[in-house]
Amino acid sequence: MLHPPLDREVMIKKENPHLTRKNVEALAEWQGNPDWMRQARLKYFELFEKLPMPGRRDEEWRKSDISQLAYDRYVPFLTEEQPEYSIDSLPEGFQVQLSTEEQSNGLCIAVDGRKTYSKLAQQLQEKGVIWTDMKTAVRKYPELVQKYFMTSVDENEENKFTALNAAFWNSGMFLYIPKNVHLDLPLHMINFFDNTQLLHNLHTLIVLEQGASAVYFDEFASSEKQEQAWVNSAVEIFVGDGARLQYISLQNLSGNVYNFAHRRARIERDAVMNWLVGTFGSEFTKSTISSILNGEGAETQMLGIAFGERNRFIDQHTHQIHEAPHTRSDLLFKNAIMEGGRTVYRGVIRIAQHAQRSDAYQANRNLMLGDNARAESIPALEIIANDVRCTHGATVGKIDPEQLFYLQSRGLSRPEAVQLLVRGFFFPVLQHIEQEYISERMSEIIEERTATVIDKI
Amino acid sequence: MSLAKKLEIKNLHVKTEEKEILKGLDLTINVGEIHAIMGPNGSGKSTLANTLLGHPNYEVTEGDILLDGESILEMEPDERAKRGLFLAFQYPAEIPGVSVMNFLRLATKARVNGNGQEMSISEFRKLLKEKLELLQMDESFLNRYLNDGFSGGEKKRMEILQLAVLKPSIAILDETDSGLDIDALKTVAAGFNSLVGPDFGALVITHYQRILNYIKPNFVHILVDGKIAKSGGPELALHLEEHGYAWITEK
């Protein structure tokens, strides 16, 4: 296999004529943003302009080739009339399953960033839970949004694409859960993309006040198209003292989508943040997930499953950032890679000097489902504290013929045996999903994908 | 499809890693018969067991294996299993992420698909409970990953549990006795003996005579250098116990 030349410093030489200061102003005006949001957008537009396009010399981008991104073509908002969708008339190709009231406390569907359906359980509204689109939230709850918007990391840690997102965000959700309010079922968000001209710049803010708890199920899907589509989404999460959030995502985008996802959580004293990120679709995925353990006793579990299909590329970065003493992070990312597929995993563990007695664990496991599949794993440890525990490890393996023979000797056909072994591989992650309709959905996708390569194993 | 009543091995030659291990082995096992095969290390005992179930690393270069008169050489391992063959492995594979319960349910279904009657969940649980008791295994075994982190003795019990639950017509036990203490050996033998009857045949492969104090074979065969060197009744095993293998190899 040919590697792209490494001396290419800038992967995108083209300029995008639509990403202008004028258009930042136009977007703010079109959305009816208050002045502080307009100013915030402009500030990040300046940063966006200042930051160079990432290239292969940047550690974080060393393995990802984005030269095929049709960067110059996308527009930050659409001016012409858009089709009207409703829960009864969803766009062609919409195959995402809706959750029922018994399965979720709330369901929201956005098509191309426009809210098409939304429902939040009445008793939660009465308790002060806010769940609405960002545009509305900026207007209706300005103090809350302003307090948190783009505050999850220092400005100097932003990159070209997070700055782009902040300047030109055009969709996304705002969730606010007041002190000590518990949601017993997930909030189910479905993001569906049809338009291939629009830069899908989602910005989602999730705030849990002290002692609150919730499960957020964020789903991404799109119509099958020839033309490339681009999703550049950001999620900022704030987990207050003693609060607890599980964020589950299921990305099953079509093969024409370039998908950039930036997600980060700030986790305060004794709070728990559990990620479970399922990456199944897209042509190209560049995903960064950060847990910033900011308060003493904070905890995070970071789980990932990904299925690298033929001619697809999945690049996942994780950050376990220990900023306070007695913090714990536990990470397990599992990838299955089909013939001709490629994955990269890069995991940073950083333990600050004052974060003594912290505990960090990181494991990346890769299962090759065919020849000519590639998986790379790069750990990066920055440990300054001296009284900590930190373990990391990565493995690459294939389906073991002895396991196959064992299962077949018990009467399972070869395809059944392979399916069982692949399911077994992912089970240690999927068992952390309490809601059967979510884990079943992921299992079905895994089974479907595995079925297509059984004869190559 | 009914389960096989007769396993015939005819002039079997088997090669693995470019080396011929079995060199013309003949043996017939009918249901209702318990056969023991004894032999020194390297005589080809495990090769025979793996070849009968169709392990891909073992190549049959000559001869045939038949179930009820039909050659099974071209059959996948699962087809052989569905015809009634079972192998209790000497070294069972560990399958992390797959619970014993889930696996047994799938394996039972796979059998049933070939043989008709399906069991309800409650019937299945009842059957499992009964067999676990027989093998003095705790019910918590059902929630563990299959063989994953099991001790040697636990693995052997798990093999016999599967044997008892799946009820094949012809079972091959590959050194099931090795690594078991005397109490575990008695338990495992009791599990095996509960299956013995007119519809069940077995080939018990062992290095030591010890297991034959608890499992009573009708026939004993001695395997030396890839061939049956001598066959006889249970007295042959006792003779071996006393005199070792040397008197046969010297002949």
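Numbers at a glance
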read-out	value
Selection count, the range B:55-66, where residues are more than 10 Å from chain A (Cβ to nearest Cβ) and either closer than 16 Å to residue A:411 by Cα or part of a loop (DSSP other than H, G, I, E, B) (or both)	1
Residue that is in contact with a Leu (Cβ under 8 Å, 6 or more places away or on another chain) and part of a loop (DSSP other than H, G, I, E, B), where the choices are A:195, A:180	A:195
Condition met for residue B:29 (part of a strand (DSSP E or B), within 29 Å of residue B:210 (Cα to Cα) and either within 14 Å of another protein chain (Cβ to nearest Cβ) or within 18 Å of the chain's Cα centre (by Cα) (or both))	yes
Count of residues meeting criterion [part of a strand (DSSP E or B) and on the phi > 0 side of the Ramachandran plot] in the range A:259-295	0
So residue B:34, is it of a type in the set (A, V, I, L, M) and more than 14 Å from chain A (Cβ to nearest Cβ)	yes
Count of the range A:345-366 residues which are in contact with a strand residue (DSSP E or B) (Cβ under 9 Å, 6 or more places away or on another chain), of a type outside the set (Asp, Glu) and more than 22 Å from residue A:64 (Cβ to Cβ)	8
Filter pass, residue A:399 being touching a Phe, Trp or Tyr at 6+ places or on another chain (Cβ under 8 Å), more than 7 Å from chain B (Cβ to nearest Cβ) and among the aliphatic types (A, V, I, L, M)	no
Residue in the range A:343-353 that is of a type in the set (Phe, Trp, Tyr) and under 17 Å from residue A:316 (Cα atoms) present	yes
In the range B:10-42, the residues that are in contact with a strand residue (DSSP E or B) (Cβ under 9 Å, 6 or more places away or on another chain) and free of Cβ contacts under 8 Å to residues at least 24 places away in the same chain	B:28, B:42
Filter result (on the phi > 0 side of the Ramachandran plot and either touching a strand residue (DSSP E or B) at 6+ places or on another chain (Cβ under 7 Å) or without any contact (Cβ under 8 Å) to a residue 12 or more places away in the chain (or both)) within the range A:107-143	A:112, A:113
Output for the range A:397-410, where each listed residue is in a loop (DSSP other than H, G, I, E, B) and either of a type in the set (Ser, Thr, Tyr) or over 27 Å from residue A:441 (Cα atoms) (or both)	A:409, A:410
Helices (runs of 4 or more DSSP H) (entirely within the range B:68-142) containing at least 3 residues that are at the interface with another protein chain (Cβ under 10 Å from one of its Cβ atoms)	B:77-82, B:100-115
Selection within the range A:146-175 - more than 19 Å from the chain's Cα centre (by Cα) and crowded, with 19+ Cβ neighbours inside 10 Å	A:167
Failed criterion for residue B:136 (all others in (1) touching a residue at least 12 places away in the same chain (Cβ under 8 Å); (2) at negative phi hold)	(2)
Subset of the range A:197-229 [surrounded by fewer than 24 Cβ atoms within 10 Å (Cβ to Cβ) and polar (S, T, N, Q)]	A:197, A:204, A:210, A:213, A:223, A:226, A:228
Pick from the range A:92-112, criterion under 28 Å from residue A:79 (Cβ atoms) and either hydrophobic (A, V, I, L, M, F, W, C) or modelled with pLDDT of 95 or more (or both), ranking: farthest from the chain's Cα centre (by Cα)	A:94
Of residues in the range A:419-457 being more than 14 Å from every other protein chain (Cβ to nearest Cβ), within 19 Å of residue A:370 (Cα to Cα) and free of Cβ contacts under 8 Å to residues at least 60 places away in the same chain, the one farthest from the chain's Cα centre (by Cα)	A:451
Selection status of residue B:9, under 14 Å from residue B:171 (Cα atoms), at pLDDT 95 or above and buried (at least 20 other Cβ atoms within 10 Å of the Cβ)	no
Where residue A:370 falls short, out of the listed (1) modelled with pLDDT of 95 or more; (2) touching a Lys or Arg at 6+ places or on another chain (Cβ under 8 Å); (3) more than 14 Å from every other protein chain (Cβ to nearest Cβ)	(1)
Selection from the range A:166-177 of residues that are in a strand (DSSP E or B) and not small (Gly, Ala, Ser)	A:173, A:174, A:175, A:176, A:177
Selection status of residue B:4, away from chain A (no Cβ under 12 Å), in contact with a strand residue (DSSP E or B) (Cβ under 6 Å, 6 or more places away or on another chain) and crowded, with 22+ Cβ neighbours inside 10 Å	yes
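Quick grid of which residues meet (1) assigned to a helix (DSSP H, G or I); (2) touching a residue at least 12 places away in the same chain (Cβ under 8 Å); (3) surrounded by fewer than 18 Cβ atoms within 10 Å (Cβ to Cβ):
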site: A:367; (1), (2), (3): no, yes, no
site: A:387; (1), (2), (3): no, yes, yes
site: A:395; (1), (2), (3): no, yes, yes
site: A:412; (1), (2), (3): no, no, no
site: A:417; (1), (2), (3): yes, yes, no
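Quick grid of which residues meet (1) at pLDDT 95 or above; (2) of a type in the set (Gly, Ala, Ser); (3) closer than 24 Å to residue A:352 by Cβ:
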residue: A:252; (1), (2), (3): yes, no, no
residue: A:262; (1), (2), (3): yes, no, yes
residue: A:271; (1), (2), (3): yes, yes, yes
residue: A:275; (1), (2), (3): yes, no, yes
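The values are calculated or read from the model by the stated rules, or taken from the named source; none is laboratory data. Owing to the predicted nature of the structure, the values given are computational and were not obtained by experimental measurement. Note: ideal-geometry Cβ built from the backbone for every residue, glycine included; neighbour counts use all protein chains shown.
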